[in-house]
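Student: Okay, handing you the structure first.
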Amino acid sequence: MADGIFGQFREHSIAEFFKKNRQMLGFSGKVRSLTTLVHEYVTNSLDACEEAGILPDITVQIEQLDNGHIRITVEDNGPGIPEKLVGKALGQMLAGTKFNRYMQQRGQQGIGASGAGMFSQITTGRPVKFKTGQGDGKFYEGELKIDFKSNKPIIENKKEADGPYRGLWVQAEFAEVKYDKSDYAPYEYLKRTALMNPHAQILFIEPTGERFLFPRASDLIPQKPQEIQPHPLGITTSDIVEFAHSSQDRKLSSFFVNTFSRFSYGKVEELKALLPEINFEMAPKELKWEQAEQLVNRFKELRWVSPEMDALRPVGPEQVEKALKNIYNPEFMAVTERKPKVFRGGIPFMVEAAIAYGGGTGRRKTDGSVGGDILRFANRVPLLFDAGGCGMTDAVKTIDWRRYDIKNFENEPVSVLINFVSVHVPYTGAGKQAISGEEEIEEEIRLAVMDAAREMQRYLHGKVREAGREAKKKTILRYISQLAHDLTQLGGKGKPAEIEKKLTKMVEDKYSQLTLEEAGEEAEEEGAKEDPPNGNGEEKEE
Ligand SMILES: Nc1ncnc2c1ncn2[C@@H]1O[C@H](COP(=O)(O)OP(=O)(O)O)[C@@H](O)[C@H]1O
Ligand SMILES: [Mg+2]
């Protein structure tokens, strides 16, 4: 009987797996699929430019073809892909330069570009066209397909040409996608990408031919992301096994010291004392799961120097401010940046937050009104989907907005921006649209947003006072003419017009003494009386 059953035994390639489970790559729903495609190409361009220290110029074109297909063309001015690797980079899953790196990059798994190619092929049967050069006098063009059975690229019509071309140009056709201008569509995605990447210039050409340019707001190239070693406290059993089995080290002891941050031979000795049954002289390749599990548990009992924090690359308050101004032109904004923290005991992260009020902020609802919006980012990448299951949304929802003069978050022109920065983003799924709501993370997000909210409250409070002053002034001015008249009659001297002029000046002076800012400060003092902040300036809500 077993022969019968096992006669069906087959092996799958990863490409076949994702072909069947494409929703795992973000290909579910027609609008979402299109945004995912744009996202994969654009994040690759940004990553490549960042690593090469190039100010990105990216063009994204979406065309509606007569056969119902949608054609996407993305071009960047990045470093390009070497001829030998272009097939693997664009047409082989789980292949890329960013694999297993503890580095703050957008891509991680090597399934972005190849996943997009796969989606094109399974929905239209067409190849991906590419052109790439490294600016060294030669460039290459060709067409690429994926052999799903073997997860290998097939390149056709390859041509070599002479010219100074540098960058990557890709073009592919898709079905089962739809173009619209909703909050989940490419336009919004690119707008938010531009917002958090003020050093990038992005040109978007939509199917009607209309062009939208998101100009560069800053010429500052972000510091090159730095690769760090994982900290022993941020590591799982499966990570250790994976790292150990691909290690070149001869002994387990040197593997630990060479692979992890803050791991000294002194620490190896401490572990030896705790785990005499493990032979630290053995080859890392022989490490068994059970042993790795024991090690991970023991790591938690040792004292470690905290992880390196300087690999984190936030956008920075000045850049965020410039970008917000550039894109939303808000009436008011406040930006906060907090110090790096650690989650799961060993993974450094940092939260940048901003609140922008008025101007083009907030979410346009279908009835035309405007409501509060949460702009979520992970390492500068906009997260448009799965807001409900995201730790960032949860954190913002638990804030009592009335304390900050926002009566109903859902009905105010306000945008809360959060950028979660880390070498490891704890996404909740392979679609990478939400981060897990771990306690340390949510708490840090709340504190960052509340910092900004306090500043906004000062502004709003000042605004209310200013409006009150205006109203009073108007009321008094209304009586001035009559008063001037009565005064001249009573006193029996003076000209009404002159007295009116003087009185008006008196009233104007009284009510214009306080500028908006001063009114804000006054409100702050009052606020401090009602609500003293605690010693470290951080506020916890009960
Ligand atoms: N625009 C680009 N410029 C330079 N290299 C690129 C570009 N797009 C993709 N690559 C290369 O192709 C690899 C695979 O890309 P991808 O499948 O999206 O995976 P990931 O981004 O997760 O590494 C990248 O790691 C990178 O080396
Ligand atoms: Mg990628």
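The values are calculated or read from the model by the stated rules, or taken from the named source; none is laboratory data. Computed from a predicted model, the values in this text were never measured in an experiment. Here the Cβ positions follow ideal geometry from the backbone for every residue, glycine too, while neighbour counts run over all protein chains shown. Areas reflect the complete protein model, heavy atoms only, side chains present, ligands, DNA and RNA absent. Shrake-Rupley method; radii C 1.70, N 1.55, O 1.52, S 1.80 Å.
Student: Holding the Cα-Cα limit at 20 Å, pick out from LYS191/LYS322; LYS84/LYS432; LYS224/LYS325 the pairs that are longer than that.
Tutor: Listed pairs above 20 Å: LYS84/LYS432; LYS224/LYS325.
Student: Continuing with this model, one more query. Rank-order 482-489, 318-325 by packing density, defined as the average count of other C-beta atoms within 10 Å over each peptide's residues, highest first. Write down the numbers at each step before the final one.
Tutor: Working: 482-489: 14.5, 318-325: 19.4.
Descending mean neighbour count gives 318-325, 482-489.
Student: So what are the ³J(HN,Hα) numbers for the range 289-306, from phi and the Karplus equation (6.51, -1.76, 1.60; θ = phi - 60°), rounded to whole Hz, Gly and Pro as x?
Tutor: Values per residue, Gly and Pro as x: 3, 4, 5, 4, 4, 4, 4, 4, 5, 6, 3, 5, 8, 8, 8, 10, 5, 5 Hz.
Student: Can you show me the helix-derived [θ] at 222 nm for the chain, built from DSSP H runs with n ≥ 4 at -39,500 (n - 2.57) apiece and divided by the number of residues, rounded to the nearest 500.
Tutor: Values: 15 runs with 206 residues, N = 542.
So the calculated ellipticity at 222 nm is -12000 deg cm²/dmol.
Student: Accessible area per residue of the range 259-370 at 1.4 Å probe, in Å²?
Tutor: Values: 5600 Å² over 112 residues.
Result: 50 Å² per residue.
Student: Let me ask something else about it. Enumerate the amide H contacts of ASP373 below 5 Å, restricted to partners 5 or more residues apart or on another chain; note that Pro and chain-start residues carry no placed amide H.
Tutor: GLY362, ARG363, VAL414, SER415, VAL416
Student: Work out the length of the dipole vector of the chain about its Cα centre, built from +1 on the beta-carbon of each Lys and Arg and -1 on the beta-carbon of each Asp and Glu, and round it to the nearest 20 debye.
Tutor: Values: 74 positive and 83 negative charges, 196 e Å.
Charge dipole, the chain, about its Cα centre: 940 debye, nearest 20.
Student: Output the 0 to 90 degree angle, nearest 10, between the alpha-carbon long axis of helix 516-530 and the longest principal axis computed from the alpha carbons of the chain.
Tutor: Between helix and principal axis, roughly 80 degrees.
Student: Still on this model: Over the range 315-542, what is the relative contact order in percent, taking alpha-carbon pairs closer than 8 angstrom and at least six residues apart? Could the numbers behind the result be given before it?
Tutor: Numbers: 340 pairs, mean separation 44.6, N = 228.
In percent, rounded to a whole number, it is 20.
Student: Which order do the peptides 434-440, 118-124, 405-411, 77-83 come out in when sorted by mean C-beta neighbours inside 10 angstrom, highest first?
Tutor: Numbers: 434-440: 17.1, 118-124: 22.1, 405-411: 15.3, 77-83: 19.9.
By packing density, highest mean first, the sequence is 118-124, 77-83, 434-440, 405-411.
Student: Roughly how many Å is it from the Cα centre of the range 198-232 to that of the range 272-323, as a whole number?
Tutor: Cα centroid of the range 198-232 versus Cα centroid of the range 272-323: 31 Å apart.
Student: When a/c is below 1.5 the answer is rounded, else prolate if a/b is larger than b/c, else oblate, so apply that to the range 315-542 with a ≥ b ≥ c taken from the square roots of the Cα gyration tensor eigenvalues.
Tutor: It is prolate, given that a/c is not under 1.5 and a/b is the larger ratio.
Student: Structure shown: which of LYS181/LYS397; LYS88/LYS178; LYS88/LYS300; LYS19/LYS341; LYS88/LYS138; LYS463/LYS501 lie over 30 Å apart, alpha-carbon to alpha-carbon? Mind showing how you got there, number by number?
Tutor: On the way: LYS181/LYS397 26 Å; LYS88/LYS178 28 Å; LYS88/LYS300 39 Å; LYS19/LYS341 38 Å; LYS88/LYS138 20 Å; LYS463/LYS501 28 Å.
In this structure, LYS88/LYS300; LYS19/LYS341 lie more than 30 Å apart at Cα.
Student: Leaving out ligands, DNA and RNA, and with a 1.4 Å probe, what % of the accessible surface on the chain is carbon or sulfur? Please report the intermediate quantities before stating the final value.
Tutor: Working: 13220 of 26610 Å².
Looking at the chain in its full context, I get 50 percent from C and S.
Student: How do 472-479, 213-220 rank on mean C-beta neighbours within 10 Å, highest first?
Tutor: Values: 472-479: 12.5, 213-220: 15.6.
So the peptides 472-479, 213-220, ranked by packing, come out 213-220, 472-479.
Student: Residue-wise, which Karplus ³J(HN,Hα) couplings in Hz belong to the range 183-200, taking 6.51 cos²θ - 1.76 cosθ + 1.60, θ = phi - 60°, and x for glycine or proline?
Tutor: Residue by residue, the range 183-200 yields 5, 10, 9, x, 4, 5, 4, 6, 4, 6, 4, 4, 4, 8, 10, x, 7, 9 Hz.
Student: Can you work out the Karplus-derived ³J(HN,Hα) for every residue in the range 135-149? Use 6.51 cos²θ - 1.76 cosθ + 1.60 with θ = phi - 60°, whole Hz, and x for glycine or proline.
Tutor: x, 9, x, 10, 9, 10, 10, x, 10, 9, 10, 10, 8, 4, 4
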